[in-house]
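The values are calculated or read from the model by the stated rules, or taken from the named source; none is laboratory data. As the structure is a computational prediction, the values presented were derived from the model and not from experiment. Heads up, the Cβs are rebuilt from the backbone with ideal geometry, glycines too, and the neighbour counts pull from every protein chain shown. Only protein heavy atoms, including side chains, enter the accessible area calculation; ligands, DNA and RNA are left aside. Shrake-Rupley method; radii C 1.70, N 1.55, O 1.52, S 1.80 Å.
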Amino acid sequence: MGDKIVMKDNFFKKFSIYSIRSKMTICFLALGLIPILVFGFISYHLYLLNLHKNVANYSEQVIERVDKNLETYISDIENIMRLKSNYYFQQYSKLNETGDIEGNRKYIVRIWETFDSLKQMKTDLVDIRYISSSGSAISCYGRYWGDLTTEPLYGELVTKKNDVVAIQPPHLNILNKKVFSIGQAVNRTAKGDMGIMAIDIDVNFLKKICSDIKLGDTGFVFFEKDGKVVFTPESSDKPGLSNIITQNTKLINSKNGNLIESINNTNYIITYKTSDITRWKIIGVTPEAEMTREVSTLREVFFWIITLIIIIILLLTIYLTSVLTNPMRKLRSIMKQASENDLSIYADIRTRDEIGQLASSFNKMMNQIRELMDKVKDDQQKIRVMEMKAMQELIKPHFVYNTLDSIIGLLEQNRNEDAIDIVDSLGKFFRTSLSHGREVVFIREEIDHIRSYLMIQQFRFSYKFDYLFEIDDGIYNFKTVKLILQPLVENSIYHGIRNLDKKGLIVINGYLKDDQVIFEISDNGEGIYQEKMEQLNRIMAGRKRLRIRTCILVLEM
């Protein structure tokens, strides 16, 4: 189990994302795959867009063909209605108005024979009838009397001109057969009286012209008017799609067009056109999945091609990166041994590229390191001497003497705890003063140094003063030059509160303002006279020269 874990760790280290080999692999894969993926993506979407356009065009052609078939048929029906102007109809109308039933008998027979002959010629015709304003009617089934106002087409034709054709959507006729009717006003008088020429057509005609077209395996065509379904093939409209589609706002507000609508999680391509004669909308419905079936096959082929390309590019990438990175990995291994203090290592890489140059520079560097190591040993002793000198310069002899003298006094008075506190503070003071040769320390260390210094001075001056630290926590981890605060605190003690008749107070304040760390050392000492302050300001500004007296002390040994 342990061996498996080690092997797994080695695997991830070998193929770390931060390694040059991994980065080169990613770059090669990106350079190889991105153009292919972009090209494939654009090609796929262009193909899909073109396919949708072709489907829309095909649907429009189908709808146009249905419209033409319907218009052609209705034109034939309108030609039949022109019978109202022939001799038999004119004579029948005149005699019917005069009430001459006997004289009109032969014309009724002639009209009935004409109707029956037309019905035999056009099998889709269910009935042809002529209804006069008085209610006298002739149809393929004989002569009868009825109320003209009960005729379904009457309400629409009474408001139209004589030559305007009205079409009634599918309904049940007097024989309880499903038909749609086409009618026209006949012999309209000045009083508004009129007759009606009406032809009933079997709805199977609509089914036939719809079934002649093909919109995929389950696509279909249906007719709509004023937001209501006029006719739809029952076998193709099982989910009631036509009723849902007719409620589409875009379809309602435009005469012609196409759209894609999602119904029950299935996308449908819908193409529609309004017939100029019937005023019906002919709507073609095609499931998008059926028309884009080729796209699924193309997408699958494209996926396998991309997968094959990825495998080929990956194998080539692994080979090329291994060849290119082997010298680098060898040099890295050598450098790792050198970092583990094996200074006798030598990089035996003889390539002429940049890696070979790095190996040569590494060998030169190792030679220089070995030479410098010998020199460092000699310099260590010199550094110790310099640290001692630095300590002597940083610590004032009289301060150390007075502090040690105070410690002796405490020990003589058996005040051992106070002596321990002073010794501890003195040790901390020395530790910060030396700082292992560092010139820059954390502000936390500098504050501890000043605290130790004030504690020693407070004892030396018999607790003549108190001190207070007001330091923001946020600045402790910043760095500063060491011993920067001691001269200022020392100045407050010796020039501020040393000669006070009352108890002194030194406040050390530190805070962050405008990305700057600010320290303020204040005391309640004697202060400085205004005249002296102005003189110092003039000297600092360079407006007055400072007279310097030099004192030379000559010691004779």
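A few notes on this one:
- Residue match in the range 69-81 (condition: open to solvent by less than 50 Å² (accessible area, probe 1.4 Å) and in contact with a Phe, Trp or Tyr (Cβ under 6 Å, 6 or more places away or on another chain)): no
- Residue selected from the range 310-324 under the condition among the hydrophobic types (A, V, I, L, M, F, W, C) and in contact (Cβ under 8 Å) with a residue 60 or more places away in the chain, by the criterion nearest to Ile36 (Cα to Cα): Ile310
- Residue count for the range 319-365 under the criterion of being closer than 23 Å to Phe28 by Cβ, among the aliphatic types (A, V, I, L, M), touching a helix residue (DSSP H, G or I) at 6+ places or on another chain (Cβ under 8 Å) and open to solvent by 70 Å² or more (accessible area, probe 1.4 Å): the result is 3.
- Contact annotation: residue pairs with Cβ atoms under 9 Å, 6 or more positions apart or on different chains, pairing a residue in the range 355-377 that is over 19 Å from Lys330 (Cα atoms) and touching a residue at least 12 places away in the same chain (Cβ under 8 Å) with a partner that is part of a helix (DSSP H, G or I) and open to solvent by less than 50 Å² (accessible area, probe 1.4 Å), are Ile369/Ala338.
- Ile269 being surrounded by 12 or more Cβ atoms within 10 Å (Cβ to Cβ) and over 30 Å from Lys68 (Cβ atoms): no
- Residues satisfying the stated conditions in the range 238-286, i.e. under 36 Å from the mean Cα position of the chain (by Cα) and among the small types (Gly, Ala, Ser): Ser254, Gly257, Ser262
- Members of the range 469-489 that are in contact with a Phe, Trp or Tyr (Cβ under 9 Å, 6 or more places away or on another chain), open to solvent by 30 Å² or more (accessible area, probe 1.4 Å) and not in a loop (DSSP other than H, G, I, E, B): Glu470, Gly474, Lys479, Leu488
- Breaking point among (1) modelled with pLDDT under 75; (2) outside any loop (DSSP other than H, G, I, E, B); (3) open to solvent by 100 Å² or more (accessible area, probe 1.4 Å); (4) not basic (Lys, Arg), for Gln368: (1)
- If the condition is being under 51 Å from the mean Cα position of the chain (by Cα), open to solvent by 10 Å² or more (accessible area, probe 1.4 Å) and of a type outside the set (D, E, K, R), then the range 440-465 contributes Val440, Phe442.
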